[in-house]
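Take a look at the structure below.
The values are calculated or read from the model by the stated rules, or taken from the named source; none is laboratory data. Everything quoted here is computed from the prediction, not taken from an experiment. Note: ideal-geometry Cβ built from the backbone for every residue, glycine included; neighbour counts use all protein chains shown. Surface areas here come from the heavy atoms of the whole protein model, side chains and all, with no ligands, DNA or RNA. Shrake-Rupley method; radii C 1.70, N 1.55, O 1.52, S 1.80 Å.
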Amino acid sequence: LPSVYSGAQVTAVDVDQADITDGAAVSRLMQTVKPDVIFNCAAMTAVDACQSDPETAMRVNAVGPRNLAMAAAGAGACLVHVSTDYVFSGDASVPYREWDVCCPRTVYGKSKLLGERYVEQFCDRYFIVRTAWLYGLTGKNFVKTMRRLGAEKSSVRVVNDQRGNPTNAEDLAYHLLLLAAGRDYGIYHCTGKGECSWYEFARRIMELSGLDCMVEPCSTEEYAAAAPRPAYSSLDNLMLRVTVGDRMRNWDEALRSYIRKLDQGVL
């Protein structure tokens, strides 16, 4: 990573230390920390919960980024804001590029898109980074869920008609830091290279984990989620390629690395 991070101090806060939906709390935090860069990874990402509770989705996914954007502008800081593939309709047949028209179909996607617009409106120095199908060290994710179910059950059913890009959070974090060290401001896509369905993703997780659990394909209609899911939400990291460079790994390579670290207790 760039030498600008040598000796950098990191202040990591969660909602119990700073609620981003509270503008006054955000302002107090900025006065205390005086940051050069703000990374906003906070979001309400439960798609069905957003659909049934649009007020909370609006507060967290739109008002929160607005508060951070205004605070960043006031502090002279750069804002790195993580967004999502759900800002698109999901009916494409080729990977979405940064210039493609957004048309979200869920409350989650709509609230995240409004958050993007607030960042653009209230902050001059920003990176909006859209990612998808993310898994990492902390919290729940699809890989951990499949490994747990694979150890408990003889078979699982996973949708096979939704395609996207599995993304290792380590790879995303590297690119967020790479971007924040420079001045190539704008909107970016940052996902693992290549694409698959959730069914193919699940099968590979079982294989790499050595789990004898059969993965059976099903349709989105059979899964019957409360909120619609994008049938196709692959993203193309075009802006990365023409600026700082795209060092994202192929999704299968990144998944192998992640599972190996899980098995070795590194994560």
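Pick from T32, T11, T56: which is surrounded by 15 or more Cβ atoms within 10 Å (Cβ to Cβ) and among the polar types (S, T, N, Q)? Before the answer, list the steps.
Numbers: T32 fails: surrounded by 15 or more Cβ atoms within 10 Å (Cβ to Cβ); T11 fails: surrounded by 15 or more Cβ atoms within 10 Å (Cβ to Cβ).
The unique qualifying residue is T56.
I need the full set of residues from region 162-180 which are open to solvent by less than 10 Å² (accessible area, probe 1.4 Å), touching a Pro at 6+ places or on another chain (Cβ under 9 Å) and either among the β-branched types (V, I, T) or part of a helix (DSSP H, G or I) (or both), in order please.
Scanning region 162-180 gives no hits.
Of the residues that sit in region 225-247 and are of a type in the set (A, V, I, L, M, F, W, C) and within 18 Å of R163 (Cα to Cα), which one is surrounded by the most Cβ atoms within 10 Å (Cβ to Cβ)? Explain how you work it out, then say what you get.
So the first thing to find is which residues in region 225-247 are of a type in the set (A, V, I, L, M, F, W, C), and the list is 225-227, 231, 235, 238-240, 242, 244.
Among the residues that remain, those that are also within 18 Å of R163 (Cα to Cα) are: 225, 227, 231, 235.
Working: A225: 13, A227: 17, A231: 17, L235: 26.
Within region 225-247, the match that is surrounded by the most Cβ atoms within 10 Å (Cβ to Cβ) is L235.
If you take the residues of region 141-155 that are surrounded by 11 or more Cβ atoms within 10 Å (Cβ to Cβ) and in a loop (DSSP other than H, G, I, E, B), which of them is farthest from the chain's Cα centre (by Cα)?
K153
Does region 28-71 hold any residues that are assigned to a loop (DSSP other than H, G, I, E, B) and among the acidic types (D, E), and which are they? Full working, then the answer.
Narrowing region 28-71 to residues assigned to a loop (DSSP other than H, G, I, E, B): 34-36, 41-46, 53.
Within region 28-71, D36, D53 meet the criteria.
Does T220 fit the bill of being touching a residue at least 40 places away in the same chain (Cβ under 8 Å), of a type in the set (V, I, T), closer than 17 Å to G164 by Cα and open to solvent by 10 Å² or more (accessible area, probe 1.4 Å)? Give the steps one after another, and end with the answer.
Working: touching a residue at least 40 places away in the same chain (Cβ under 8 Å): yes; of a type in the set (V, I, T): yes; closer than 17 Å to G164 by Cα: yes; open to solvent by 10 Å² or more (accessible area, probe 1.4 Å): yes.
Spelling it out, T220 is indeed touching a residue at least 40 places away in the same chain (Cβ under 8 Å), of a type in the set (V, I, T), closer than 17 Å to G164 by Cα and open to solvent by 10 Å² or more (accessible area, probe 1.4 Å).
In region 87-118, which residue that is among the aromatic types (F, W, Y) and either in contact with a Leu (Cβ under 6 Å, 6 or more places away or on another chain) or over 16 Å from R229 (Cβ atoms) (or both) is least open to solvent (accessible area, probe 1.4 Å)? Reasoning before the result, please.
At the first step, the residues of region 87-118 found to be among the aromatic types (F, W, Y) are 88, 96, 99, 108, 118.
Still in the running and either in contact with a Leu (Cβ under 6 Å, 6 or more places away or on another chain) or over 16 Å from R229 (Cβ atoms) (or both): 96, 99, 118.
On the way: Y96: 17, W99: 180, Y118: 60 Å².
The selected residue is Y96.
Given the criterion at pLDDT 95 or above, open to solvent by 30 Å² or more (accessible area, probe 1.4 Å) and either out of contact with any strand residue (DSSP E or B) (no Cβ under 8 Å at 6 or more places or on another chain) or not in a helix (DSSP H, G or I) (or both), identify the matching residue among R204, R183.
Working: R204 fails: either out of contact with any strand residue (DSSP E or B) (no Cβ under 8 Å at 6 or more places or on another chain) or not in a helix (DSSP H, G or I) (or both).
From the options R204, R183, the qualifying one is R183.
Does any residue of region 224-241 turn out to be within 21 Å of the chain's Cα centre (by Cα), under 28 Å from G109 (Cα atoms) and free of Cβ contacts under 8 Å to residues at least 24 places away in the same chain?
For region 224-241, residues within 21 Å of the chain's Cα centre (by Cα), under 28 Å from G109 (Cα atoms) and free of Cβ contacts under 8 Å to residues at least 24 places away in the same chain: present.
Could you identify the single residue in A18, A25 that is open to solvent by less than 40 Å² (accessible area, probe 1.4 Å), of a type in the set (G, A, S) and not in a loop (DSSP other than H, G, I, E, B)?
Details: A18 fails: not in a loop (DSSP other than H, G, I, E, B).
Exactly one residue qualifies, and that residue is A25.
Residues being open to solvent by 30 Å² or more (accessible area, probe 1.4 Å) and either modelled with pLDDT of 95 or more or not in a loop (DSSP other than H, G, I, E, B) (or both): count how many of those fall in region 252-267.
Step one: of region 252-267, the residues open to solvent by 30 Å² or more (accessible area, probe 1.4 Å) are 253, 256, 260-267.
Next, only the ones that are either modelled with pLDDT of 95 or more or not in a loop (DSSP other than H, G, I, E, B) (or both) stay: 253, 256, 260-264.
Qualifying residue count for the region: 7.
Of everything in region 186-201, what is touching a Lys or Arg at 6+ places or on another chain (Cβ under 7 Å), outside any strand (DSSP E or B) and surrounded by fewer than 21 Cβ atoms within 10 Å (Cβ to Cβ)? Give them in sequence order.
Residue satisfying the conditions is E195 alone.
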